[in-house]
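To keep things clear, I will list the structure first and then write my remarks on it.
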Amino acid sequence: FRPVAPALWALSGVDGTDATRALLDAALPQLPLTTLNSVVSVCHLAKQLAPEAKVTPRSVACSVGLINLLGCPFGAMPCCHGAGGLAAQHAFGARRGVSVLFLGGCKMLLALALGGPLVSLLGAFPAPLLGVMLLFSGVE
């Protein structure tokens, strides 16, 4: 096991033109979608599912920002909470934050124990079946 260093390799050869293009073509168009899906809708759904919870747009936005500021330099994909994940977790019985920790722990154990074979298995999963599952989750 070796420690993970920040993903500086991803920035090699980047100049001002690349940064401007990324900002204008990727980051700015993504802001409304991210704000609505990962902040506004999460707060609205959280108030519906658990009216006693003290969820504010500021706390959710800060959480999403912190996740990305800490993870992305180490090569993590940008992340957000998303109302879909909250709705799915609630539908499967999650009522407290510890359920997310449990799910994350299970995923980490699976990845560490069965990383390579699990990737092969997921790669062999039939794409049409994934499409049907996505359709049903969208209808839900």
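For segment 56-72, a residue qualifies if it is within 16 Å of ALA27 (Cα to Cα) and open to solvent by less than 60 Å² (accessible area, probe 1.4 Å), and the qualifying residues are ALA61, VAL64, GLY65, ASN68, CYS72. Selection of segment 79-94 for residues being surrounded by 12 or more Cβ atoms within 10 Å (Cβ to Cβ) and in a loop (DSSP other than H, G, I, E, B) yields CYS79, CYS80, HIS81, GLY82, ALA94. Would you check if ALA53 is part of a loop (DSSP other than H, G, I, E, B), hydrophobic (A, V, I, L, M, F, W, C) and farther than 28 Å from ALA26 by Cα? Against the criterion (part of a loop (DSSP other than H, G, I, E, B), hydrophobic (A, V, I, L, M, F, W, C) and farther than 28 Å from ALA26 by Cα), ALA53 qualifies.
Identify the residue in segment 10-26 that is open to solvent by 80 Å² or more (accessible area, probe 1.4 Å) and in a helix (DSSP H, G or I) and, among all such residues, is nearest to CYS72 (Cα to Cα). Residue satisfying both the conditions and the ranking: LEU11. For segment 68-88, the criterion of a residue being more than 13 Å from the chain's Cα centre (by Cα), of a type in the set (Gly, Ala, Ser) and modelled with pLDDT under 85 is satisfied by at least one position. The set of residues in segment 95-118 being more than 19 Å from the chain's Cα centre (by Cα), open to solvent by less than 100 Å² (accessible area, probe 1.4 Å) and of a type in the set (A, V, I, L, M, F, W, C) consists of ALA113, LEU114, LEU118.
Within segment 82-106, residues that are touching a residue at least 40 places away in the same chain (Cβ under 8 Å) reach partners that are open to solvent by 60 Å² or more (accessible area, probe 1.4 Å) and assigned to a helix (DSSP H, G or I) with beta carbons closer than 6 Å, at six or more positions or on different chains, in the pairs GLY82/ASN37; HIS90/LEU49.
Being surrounded by fewer than 10 Cβ atoms within 10 Å (Cβ to Cβ) and at pLDDT below 85, is that true of even one residue in segment 43-55? No, segment 43-55 has no match at all.
Residues of segment 27-42 that are open to solvent by 60 Å² or more (accessible area, probe 1.4 Å), farther than 10 Å from CYS80 by Cβ and touching a residue at least 12 places away in the same chain (Cβ under 8 Å): VAL40 alone. Just one of the numbered conditions (1) within 25 Å of LEU33 (Cβ to Cβ); (2) open to solvent by 60 Å² or more (accessible area, probe 1.4 Å) is not true of LEU129: (1).
The values are calculated or read from the model by the stated rules, or taken from the named source; none is laboratory data. Being a predicted model, the structure only gives us computed values, none of them experimental. In this analysis, Cβ positions are derived from the backbone assuming ideal geometry, glycine residues included, and neighbour counts consider all displayed protein chains. In case anyone asks, the SASA skips ligands and DNA or RNA and just uses the protein heavy atoms, side chains included. Shrake-Rupley method; radii C 1.70, N 1.55, O 1.52, S 1.80 Å.
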